[in-house]
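Contents: one structure, followed by commentary.
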Amino acid sequence: MSDYILAFDLGTTSIKTVLFNKKLQIVASAGKDYPTSYPAANCAEHNPEDWWKAIIETTDEVVHKSGIDPKEVKVIAIDAMTPVLVVVDEKGNSLRPAIIWMDRRSSAQCKEIDEKIGSRLFEINGNHNDPSNFAPKIMWVRDNEPEIYNKTYKFLYASSYLVNRLTGEMVVDKTQCGLSQLCDTKTSTWSDELIEGCGLSKDKLPRIVDSTDIVGNLTPHAAALLGLTTDTVVIAGAMDNVAAGLGTGVYDDGQVYISAGTASNCCACTAEPLYHESLHVYHHIVPGRWLAVAGVDYGGAGLKWFNNLLGDMTITDLVKTVEAKKGKLASMIFLPYMVGQRAPLWNTDTRGTIFGLEPSVDRADLANMFMEGNALGVKVIFDIVESLGFKAKEVKLTGGCSVSSWYSQIFSDVTGKHVEVAGESDVASLGMAMAAAYAMGYYKSFDEMTKIINIRAKYSPEPKAVEYYNDMSVLFKKLYAQVVEQYSDLHKIREKYMVKEEKSV
């Protein structure tokens with residue numbers, strides 16, 4: 001009998017469930033989509049029950065695909081999108097839809113935090129006050145749904161909600177502390193000063209544990225639904241971006257990776273927490289390591305949105321039309337900030353902007369523009385990170401964008417860096433499998449595990465392309481500076497005239 005690891009990667013649009021053996025090799029995998037609801041402007045929600053159903057279905061699928069004995073699944077690990085607010089009662093039942101990371105309804109609560117806490121937030125937590133974060137979301141529930149707030153037993157993250165469904169325990173892992181706005185990020189503990197300043201109840205927050213801590217065993221009910229046994233243990237897990245970093249092999253001071261999925265995040269690993277106004281900061285899965293992060297919040301999703309809008313070919317085929325026009329593509333700038341923007345811009349009002357459109361532009365030109373815009377947004381972050389002393393010669397790339405060699409080459413050319421596409425496509429799942437393997441004692445160190453991660457592809461910057469993109473990057477930054485005030489004007493018009501209808505996609 002062998003030992004197996006079951007890893008769940010809960011994303012914005014779907015879950016990936018991957019079964020690994022002790023050697024961290026993929027045995028079987030499955031996926032399941034679920035909808036996002038947009039009940040009003042700046043609002044984005046999920047039904048947590050959709051996540052749970054997806055876990056049940058995909059677990060059954062991977063176990064049957066693999067042909068293993070369910071008793072051989074020894075440990076479960078979950079990573080998830082973040083910050084997500086799940087409001088639960090004492091039995092773990094959700095009391096309202098989950099408010100996901102792209103939701104920005106809590107601007108008024110952020111203003112209250114600025115007034116009551118001010119600079120102390122950054123001094124303690126190291127992160128910018130932003131509507132996407134955990135504390136403003138809780139305050140919004142307190143202010144707008146007081147009956148729900150009063151009934152709440154705990155406020156959980158998406159990953160901790162699922163850990164509770166599996167084990168009955170209510171915890172949160174340390175990687176979530178930074179974007180909570182309620183923690184001392186350096187010590188990964190709840191801050192009484194920040195909690196009281198936000199007017200919240202500490203007893204409604206779960207206890208904080210390490211990502212690799214074993215929280216408990218599957219409950220009899222969960223084991224029965226998943227077709228597993230109560231001998232299976234569950235670790236605390238992590239946020240998806242951190243899991244992806246570990247899955248690419250990034251764990252040491254000075255290493256950099258780009259996680260280019262729905263959001264495209266640029267992440268620098270540090271030995272000490274780096275507090276900077278343009279960056280997020282949060283704990284790595286690896287003890288004694290932190291990540292300094294900023295991203296393009298809808299960067300990778302832009303191309304998918306464009307392709308879905310046309311609806312007559314796959315993204316792979318769309319990219320082939322781009323490759324066929326190599327050397328004849330139109331020069332355009334796309335500001336990829338379609339859903340508002342967290343670090344490094346901190347602007348809720350931004351929307352996607354196209355500059356340079358002309359009648360000769362075709363589908364391939366537009367598709368390439370979406371890819372370039374995403375990469376140019378990432379370069380803005382690179383420039384900030386490098387100004388702080390990071391001079392990485394190479395960058396690890398992961399996420400859906402890395403599947404395309406054309407897209408990956410754009411990242412190399414725009415950043416001017418050697419790019420390595422690390423591991424399997426499911427690197428967040430691999431990162432969680434590594435965390436679980438460490439928790440179970442299958443490996444003695446993270447260094448030992450990262451040595452077995454394969455490099456799937458390598459890309460080197462092409463000098464002429466680098467020169468071109470350097471010029472385009474200057475224009476990209478100038479363009480944003482020119483239109484930034486008009487984003488606010490447009491937002492005011494939208495608020496005044498737009499008919500607000502609920503929809504799900």
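Structure notes:
- Restricted to region 128-146, and to residues there that are part of a loop (DSSP other than H, G, I, E, B) and more than 25 Å from ILE235 (Cβ to Cβ), the residue that is farthest from the chain's Cα centre (by Cα) is GLU145.
- Restricted to strands (runs of 3 or more DSSP E) entirely inside region 279-377, those with at least 1 residues that are among the hydroxyl-bearing types (Ser, Thr, Tyr) are 280-283, 353-355.
- Sole residue being charged (D, E, K, R) and surrounded by fewer than 19 Cβ atoms within 10 Å (Cβ to Cβ), chosen from LYS23, LYS16: LYS23
- Selection within region 454-465 - within 16 Å of LEU376 (Cβ to Cβ) and within 28 Å of the chain's Cα centre (by Cα): PRO461
- Selection from region 155-205 of residues that are of a type in the set (S, T, N, Q) and either over 23 Å from THR12 (Cβ atoms) or in contact with an Asp or Glu (Cβ under 6 Å, 6 or more places away or on another chain) (or both): THR167, THR185, THR187, SER188, THR189, SER191, SER201
- Whenever a residue of region 457-481 is farther than 24 Å from PRO344 by Cα and in contact (Cβ under 8 Å) with a residue 12 or more places away in the chain, its partners that are of a type outside the set (Lys, Arg) and part of a helix (DSSP H, G or I), lying with C-beta atoms within less than 6 angstrom and at least six residues away or across chains, give the pairs TYR459/SER408; TYR459/GLN409; TYR459/SER412; PRO461/SER412; PRO461/ASP413; GLU462/ASP413; ALA465/ASP413.
- Residue within region 358-370 that is in contact with a Pro (Cβ under 9 Å, 6 or more places away or on another chain), at negative phi and touching a residue at least 12 places away in the same chain (Cβ under 8 Å) present: yes
- Residue in region 211-224 that is within 24 Å of the chain's Cα centre (by Cα), over 16 Å from SER160 (Cβ atoms) and surrounded by fewer than 24 Cβ atoms within 10 Å (Cβ to Cβ) present: no
- Checking every residue in region 385-396 against the condition of being polar (S, T, N, Q), within 22 Å of ALA465 (Cβ to Cβ), surrounded by fewer than 22 Cβ atoms within 10 Å (Cβ to Cβ) and out of contact with any strand residue (DSSP E or B) (no Cβ under 7 Å at 6 or more places or on another chain) gives zero matches.
- Of all residues in region 238-289, those satisfying the criterion of being more than 22 Å from ILE124 (Cβ to Cβ), acidic (Asp, Glu) and out of contact with any Leu (no Cβ under 9 Å at 6 or more places or on another chain) are ASP252, ASP253.
- Check on VAL466, in contact with a Cys (Cβ under 6 Å, 6 or more places away or on another chain) and either under 25 Å from SER14 (Cβ atoms) or surrounded by fewer than 23 Cβ atoms within 10 Å (Cβ to Cβ) (or both): no
- Set TYR161, TYR149: member being part of a helix (DSSP H, G or I), among the hydroxyl-bearing types (Ser, Thr, Tyr) and surrounded by 24 or more Cβ atoms within 10 Å (Cβ to Cβ): TYR161
- Complete set of residues in region 178-192 that are crowded, with 16+ Cβ neighbours inside 10 Å and in contact with a helix residue (DSSP H, G or I) (Cβ under 8 Å, 6 or more places away or on another chain): GLY178, LEU179, SER180, GLN181, LEU182, CYS183, ASP184, THR185, SER188, TRP190, SER191
- As a summary of the residue check, LYS326 satisfies the conditions (1) in contact with a helix residue (DSSP H, G or I) (Cβ under 9 Å, 6 or more places away or on another chain); (2) under 27 Å from ASN241 (Cα atoms) except for the one numbered (2).
Read-outs: derived from the displayed coordinates by stated rules, not from any lab. What you see is a predicted model, and the numbers here were worked out from it, not measured in a lab. No Cβ is skipped: glycine too gets one built from the backbone with ideal geometry, and neighbour counts run over all protein chains shown.
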